[in-house]
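Peer 1: This is the structure, below, for whatever I ask next.
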Amino acid sequence: MEHGGNLVNRTIMLPASVDEAVEALAATPGAVPVAGATDLMEAVNAGRLRPAALIGLGRITELRGWRYEDGGTAVLGAGLTHARMDRPDFAALIPALADAARTAGPPQVRNVGTLGGNIATAAPAGDTLPVLAALEATATLARAGAVRDVPVSHLLTGLDPLRPGELLTWVRVPLLHAPQVFLKSSGRSGPARAAASVALVLDPARRGVRCAVGAVAPVPLRPLEAESWVAGCIDWDARGAEGAVLIDPAALVAFGEYVAGACVPEGGAHGEGAGADAARLRRTVAVLARRALGRALK
Amino acid sequence: MTSATELPAAAPADHETGTTGLGTSPLRTDALPKALGIYPYAADLWAEGLLWGAVLRSPHPHARIVSVNTAPALAIPGVHAVVTAADLPPGPDGTPDGAPAGTVTADRPVLAAGVVRHHGEPVAAVAADHPDTARLAAASILVEYEVLEPVTDPEAAFHAPPLHPDGNLLRHLPLRTGDPDAVGEIVVEGLYQVGRQDPAPIGAEAGLAVPRPDGGVELHLSSTDPHGDRDRTAACLGIDPDRVRLVVTGVPGASSDREDLSFQVTLALLALRTGRPVKMTLTRAESFQAHTTRHPALLRYRHHADAEGRLVKVEAQILLDGGAYADVSAEALASAVAFSVGPYTCPNVFVDAWAVRTNNPPAGRMRGEGALQTCFAYESQLDQIARQLGVDPVEIRRRNAMATGDPLPTGQAVTCPAPVAALLDALDGAPLPALPLDDPEADWLLPGGPGGAGDPAAVRRGIGYAVGMVHMLGAEGEDEVSTATVRVSGDHATVICAAVDSGQGFATLARQIVQSVLGVSEVYIAPVDSDQSAAGPSARGRHTWVSGGAVERAALMVRHQMLQPIAADFGMSVELLTINDGKITSYDGVLGMPVSEALEGRELWATAQCRPHPTEPLDPETGQGDAFVSIAFCAMRAVVDVDIELGAVRVVDVTVAQDVGRALNPRQIEDRIEGAVAQGVGLALLENLRTEGGVPVNASLTGYRLPTALDTPDVRIAALLEERDVVAPFGAKAVSAVPAVVAPAAVAAAVRAATGLPVGRLPILPEDATVLA
């Protein structure tokens, strides 16, 4: 399986299964797993990263699809590409994740960039991350002889980080069978990094609204109080009725402000410019949150 | 086009008419290879046994170089040479000065000597047997810097300590004409800012230097000015120009100058030092540091107008940030001053303009330098007047429009066609794009793009107009000349002209000219190198004029040689013969001979020059003078949708009416207009190379946002006005620069119309287009 090193004596391994991959990872300390490489190669080219060895995950076909569990959970392979998540069959399952995948970049990037890579890179503006936070997704981490599940948000915040020798294999997402929205603002029409994004999912079974704001902080933020407040403003029983108004428009506006207030701190501490920047970001988040809930309840 | 001539051997004929020659639209020969990805760019060059070059650049925008220790780099196995300023010929006082050079003023060292004046300035260079080794070696060179306070605010440059022995003021140009005390019924004022646009060429800088047995060097790169670059490179190296040969290859298309002098000289020096071919390709991040950008500008305007909106007086102060080195700042400033009022007449104009030196990235040539910045300002001012008086924005422009024969504020009469009113009329009649309400079935792309956050309820549509102008050819007394040779051998012709086709389509045009004049269908365009006669740089629409003119003259001389014996046989003068569809016919129809028959077994050639009428410098006290050869005009209407809550702007449609003199290749003109509009829309909404303390913060294609297909509007041509410029060859005007100049102003006007906000800076950021509830 090993290929001879090139000029700088680098090793590239191409395991065909998760077991082979975790074995390789255990056997080669300092090896870096790589899937789409859209973030990794940028770091390598810029000289920020010189991995001792690479473990290519592209041949592990089981991780490139998804399966169902217990009727209410989708188990997504870490190797799912953004392009695959954007397809209609996936979009019918988890619409917000499909929306996030669609806006994540130009087609060349979406064709190779993966869900697992998005989590592992944990960039503040990673588009799928607020959706996973809103869905309260959990990640399966495999290592030689052991497997454990960790909430994705714990991985992202570093509360429970990836340990040496662990490989991100699966992402568990609840199937909610209700509207979900992902909105992002980047100031342009073409693909771009989000200035702010909002993911919002409805959970009618539990009469809950879950929301996460991306790109405004190092990790997606959950406005928990705003979520529980707005869940009480929704006329859940009227769902499905023709022409029903599920929420007072004033509550939509208030929800936007509530979310923005919770996720973007008051600026000003770093001078006037920072204050103005923060005010703009709050406005943007407020608009996105208001529109997201409005669309979900339409 | 050098290697591309191999592909479709002769240009395919125009699909609709089946004819070739002027006025038809044959395809560019490099279009197909470039689209297929098989076009050889300079980065693809290869030579047996080549070494790789790498450059060490300054991490500081302003610092004194205390010492440079190259020993660690030389100690790395595989490193063949390390060069610094000390390896270049010394300055007048015998100490290394980095061999300063420049297109106008020789103030920019090839390698920094003693002081660095901008972030990314080259300090040393390495040749090694592997690109990684070269880069690692460059990084291992120990440079001790004494960091100095950078001057990054152009307004502070006036009083800051001199950053260069030449001082910080690159040029001050006042313009005074008319009555300074004139006052109008209304006065509008504005402060306008233009950001730093980068040319961001699709191919990053690359080249190959090969040492010659005579101690000289051969440079293979995408130069846009082969002779100028050869002479400057030779001067920097201290060798005779004859010993530098520059071969133009793999030009990826350029809206600015290509490989800068430092790149060329360093490459040549490494080849001379090692005696081996040396190849150097810049990374994208380096490319942003290496080439010059558009001049950021600060413009303060005060317009006086009468009750009908006719301009009474214009006062302006214009400040261009030239960055660390002079480059073409003086020329950009002349353009900014002369066109400070725009294509309008105004009897009283008072302008002060400065280009200053700072520690910011150097600014240089880029489509409509100087003219673009003022176009945004004067068009914004006209919109303000229109709004104050309640006059339609098209009408206010019509009332002030310049016509042929009217004077510029510099006193020069505009003798070329100036069809400004006709351009406005053409726009006025053009249909508007449908509103989403009219066509609910259509897939309405909202601001923010597909899958974005756009909400139809928050979207406002705005329509804006702008008119602008640029000059063609060098200004203020610059000697403009080009030489071309046309050779006919049997059934095919060859054009030898050192005019580089940097995407403007010169190769296609030269082929069309020869086809038209000689009736020969197979025309080859020879690859360009500096052994040919000089044709000058590819800039300011020069080559359509001077090189196109030279090709035509040479072709006409060959035509005369070809027809003379035939005319003599028939006892008539050459003037009575015409060439049409590859056939020579006489005025009386007696003769009808195919061109191929007339040329059989014959070898004919002629060399000709084209030199337009001379110009003069602008007066340093009053800004008066006949500084320009000719001027091109363009009017544009932009339609935008703005999400006023998020400030997202989408340009829906741009409709263009342009003064082209004569459409020599209509499809190529439309392509050039589309490209220029895309670049203008980029500057209007996205592109800005931001700096913090003189250090660029978004020098990558992720951070520097170029317009994608989704950001680029539908571009529609309302009219290509063909009023021939009698002094120009074929009566044609250059087409590429002026749409790029006008588009930002038109988009800004449309955003203003949609939002009611003032919009005083480019690019227009979301916060500039957000309407607060």
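Peer 1: Ratio of the protein assembly as shown's C-alpha Rg to 2.2 N^0.38 Å, to two decimals? Don't skip to the end; give the middle numbers.
Peer 2: Details: Rg = 31.7 Å, N = 1071, 2.2 N^0.38 = 31.2 Å.
Taking the Cα Rg and dividing by 2.2 N^0.38 Å, one obtains 1.02.
Peer 1: Describe numerically, in nm with one decimal, the distance between label points set 7 Å from Cα along Cα→Cβ at A:Arg239 and at B:Arg602.
Peer 2: Modelled inter-label distance: 8.8 nm.
Peer 1: A further question on this structure: Can you compute 3J(HN,Hα) from phi for each residue in region B:131-142, using the Karplus curve 6.51 cos²θ - 1.76 cosθ + 1.60 with θ = phi - 60°, rounded to whole Hz and x for Gly and Pro?
Peer 2: x, 5, 4, 4, 5, 5, 5, 4, 5, 8, 5, 9
Peer 1: Hey, could you pull the Cα Rg and Dmax for region B:534-670, both in Å?
Peer 2: For region B:534-670, the Cα radius of gyration and maximum Cα-Cα distance read 24.1, 80 Å.
Peer 1: Once the Cβ-Cβ distance between A:Ala16 and B:Asp129 is put in as r, and R0 is 56 Å, what FRET efficiency do you end up with, to the nearest 0.05?
Peer 2: Numbers: r = 37 Å, r/R0 = 0.67.
FRET efficiency, A:Ala16 to B:Asp129: 0.90.
Peer 1: Any chance you could get the radius of gyration and Dmax over the Cα atoms of chain B, in Å?
Peer 2: 26.9, 86
Peer 1: Taking the square root of 5 times each eigenvalue of the Cα gyration tensor, what semi-axes in Å does the equivalent ellipsoid of region A:180-296 have, largest first? Don't jump to the answer; show the numbers that get you there.
Peer 2: On the way: eigenvalues 148, 45, 30 Å².
Semi-axes from the Cα gyration tensor: 27, 15, 12 Å.
Peer 1: In region B:269-410, how does Rg compare with the Kirkwood Rh, expressed as the Rg/Rh ratio over alpha carbon atoms?
Peer 2: Details: Rg = 20.3 Å, Rh = 17.3 Å.
On the Cα set of region B:269-410, Rg over Rh gives 1.18.
Peer 1: Could you give me the radius of gyration and the Dmax of region A:61-174, taking only the C-alpha atoms into account and expressing both in angstrom?
Peer 2: 13.1, 38
Peer 1: Over region A:61-174, what percent of the accessible surface lies on carbon and sulfur atoms, probe 1.4 Å?
Peer 2: On the way: 2480 of 4480 Å².
Result for region A:61-174: 55 percent of the exposed heavy-atom area is carbon or sulfur.
Peer 1: Within region B:652-671, list the residues whose amide N lies under 19 Å from a label point set 7 Å along Cα→Cβ of B:Asp714.
Peer 2: Only B:652-658, B:670-671 fall inside the zone, counting backbone N under 19 Å.
Peer 1: Compute the Rg to Rh ratio over chain A from the alpha carbon atoms, using the Kirkwood formula for Rh, and round to two decimal places. The partial results should precede the final answer.
Peer 2: On the way: Rg = 20.3 Å, Rh = 20.2 Å.
Checking Rg against Rh, the ratio lands at 1.01.
Peer 1: Can I ask one more? Measuring with a 1.4 Å probe in the full set of protein chains, what accessible area per residue, in whole Å², belongs to the protein assembly as shown? Please report the intermediate quantities before stating the final value.
Peer 2: Details: 40550 Å² over 1071 residues.
On a per-residue basis, 38 Å².
Peer 1: Between B:Val726 and B:Val574, what FRET efficiency comes out of the Förster formula 1/(1 + (r/R0)^6) with R0 = 35 Å and r the beta carbon distance, rounded to 0.05?
Peer 2: Details: r = 24 Å, r/R0 = 0.68.
The calculated FRET efficiency here is 0.90.
Peer 1: In region B:446-474, which residues give up 10 Å² or more of accessible area once the other protein chains are added, compared with their chain alone (1.4 Å probe)?
Peer 2: B:Gly448, B:Gly449, B:Pro450, B:Gly451, B:Gly452, B:Ala453, B:Gly454, B:Asp455
Peer 1: Does anything in region A:165-188 have its amide N under 18 Å from the 7 Å Cα→Cβ label point of B:Glu767, and if so which residues?
Peer 2: A:185-188
Peer 1: Right, another one. Just to verify a number: FRET efficiency for B:Arg690 and A:Glu42, C-beta to C-beta distance, R0 = 22 Å, to 0.05?
Peer 2: Working: r = 20 Å, r/R0 = 0.90.
That gives a FRET efficiency of 0.65.
Peer 1: May I ask for the Rg/Rh ratio of region B:325-379, computed from Cα atoms with Rh as the Kirkwood radius, given to two decimals? Don't skip to the end; give the middle numbers.
Peer 2: Working: Rg = 12.0 Å, Rh = 12.0 Å.
Here Rg/Rh amounts to 1.00.
Peer 1: What residues in region A:184-221 lose 50 Å² or more of accessible surface when the other protein chains are added to their chain alone (1.4 Å probe)?
Peer 2: Residues shielded by partner chains are A:Gly187, A:Arg188, A:Ser189.
Peer 1: Taking only the C-alpha atoms, wrap a convex hull around region B:208-348 and report its volume per residue in Å³ as a whole number. Mind showing how you got there, number by number?
Peer 2: Working: hull volume 21.1 nm³, N = 141.
Output value, Cα hull per residue: 150 Å³.
Peer 1: Which of the helices in chain A, when you take each full DSSP H run, stretch at least 18 Å along the axis at their Cα atoms and have an average Kyte-Doolittle score of -0.5 or higher? Numbers along the way, then the final one.
Peer 2: Values: long enough: A:249-263 (22 Å, 1.29); A:272-296 (36 Å, -0.07).
Taking the DSSP H segments of chain A (at least 18 Å long, mean hydropathy at least -0.5), we get A:249-263, A:272-296.
Peer 1: At a threshold of 8 angstrom on Cα-Cα distance, excluding pairs fewer than six apart, so keeping six or more, what relative contact order does chain A reach in percent? Please report the intermediate quantities before stating the final value.
Peer 2: Values: 611 pairs, mean separation 41.9, N = 298.
The value is 14 percent.
Peer 1: What distance in nm separates the simple spin-label points at A:Arg50 and B:Ala139, each placed 7 Å from Cα in the Cβ direction?
Peer 2: Result for the modelled spin labels: 0.6 nm.
Peer 1: Additional query: Which distance in nm do the two modelled labels at B:Val481 and A:Ala217 give, with both placed 7 Å along the Cα-to-Cβ direction?
Peer 2: Distance between label points: 7.1 nm.
Peer 1: In Å², nearest 100, what accessible area do chains B and A bury in total when the solvent probe is 1.4 Å? Walk me through the numbers before you get to the answer.
Peer 2: On the way: alone 28090 and 14450 Å², together 40550 Å².
Using a 1.4 Å probe, the pair buries roughly 2000 Å².
Peer 1: A drop of at least 10 square angstrom in accessible area, chain alone versus all protein chains together, probe 1.4 Å. Which residues of region B:673-704 meet that?
Peer 2: B:Leu686, B:Thr702
Peer 1: May I pose another question? Percent of accessible area on region B:578-640 owned by carbon and sulfur, 1.4 Å probe?
Peer 2: Working: 1460 of 3020 Å².
That fraction is 48 percent.
Peer 1: Now, a different point. Please express the shape of region B:366-488 as an equivalent ellipsoid: the semi-axes are the square roots of 5 times the eigenvalues of the C-alpha gyration tensor, given largest first in whole angstrom. Intermediate values should be presented prior to the final figure.
Peer 2: Working: eigenvalues 282, 107, 49 Å².
Semi-axis lengths for region B:366-488 are 38, 23, 16 Å.
Peer 1: Just want the answer: with Cβ charges of +1 for Lys and Arg and -1 for Asp and Glu, which residue in B:Val697, B:Phe633, B:Leu45 is farthest toward the dipole's positive end in chain B?
Peer 2: Checking the options against the dipole of chain B, the answer is B:Leu45.
Peer 1: Let's see if you can work this out: charge +1 on each Lys and Arg Cβ, -1 on each Asp and Glu Cβ, no other charges. What is the dipole magnitude of region B:618-686 about its Cα centre, in debye to the nearest 20?
Peer 2: On the way: 5 positive and 11 negative charges, 62 e Å.
With Lys and Arg at +1 and Asp and Glu at -1, about 300 debye.
Peer 1: Name the most mobile residue of A:Glu166, A:Glu42, A:Glu257, meaning the one with the largest mean-square fluctuation, in a Gaussian network model of chain A with Cα contacts below 10 Å.
Peer 2: Answer for the Gaussian network model of chain A: A:Glu42.
Peer 1: Mind listing the long-range amide H neighbours of B:His80? Cut-off is under 5 Å, sequence gap 5 or more, other chains count too, H placed in the peptide plane at 1.01 Å from N.
Peer 2: Here B:Ala127, B:Ala128, B:Asp129 satisfy the definition.
Peer 1: When the solvent-accessible surface of protein heavy atoms is calculated with a 1.4 angstrom probe, in what order do B:Met366, B:Met557, B:Met572 fall, highest first? Spell out each step's value before the answer.
Peer 2: Numbers: B:Met366 0, B:Met557 85, B:Met572 35 Å².
From most accessible down to least: B:Met557, B:Met572, B:Met366.
The values are calculated or read from the model by the stated rules, or taken from the named source; none is laboratory data. Note that the structure is predicted; figures quoted are calculated from it, not measured. A quick note on method: Cβ atoms are made from the backbone with ideal geometry, for glycine too, and the neighbour counts reach across all protein chains shown. Side chains included, ligands, DNA and RNA excluded: accessible areas come from the protein's heavy atoms. Shrake-Rupley method; radii C 1.70, N 1.55, O 1.52, S 1.80 Å.
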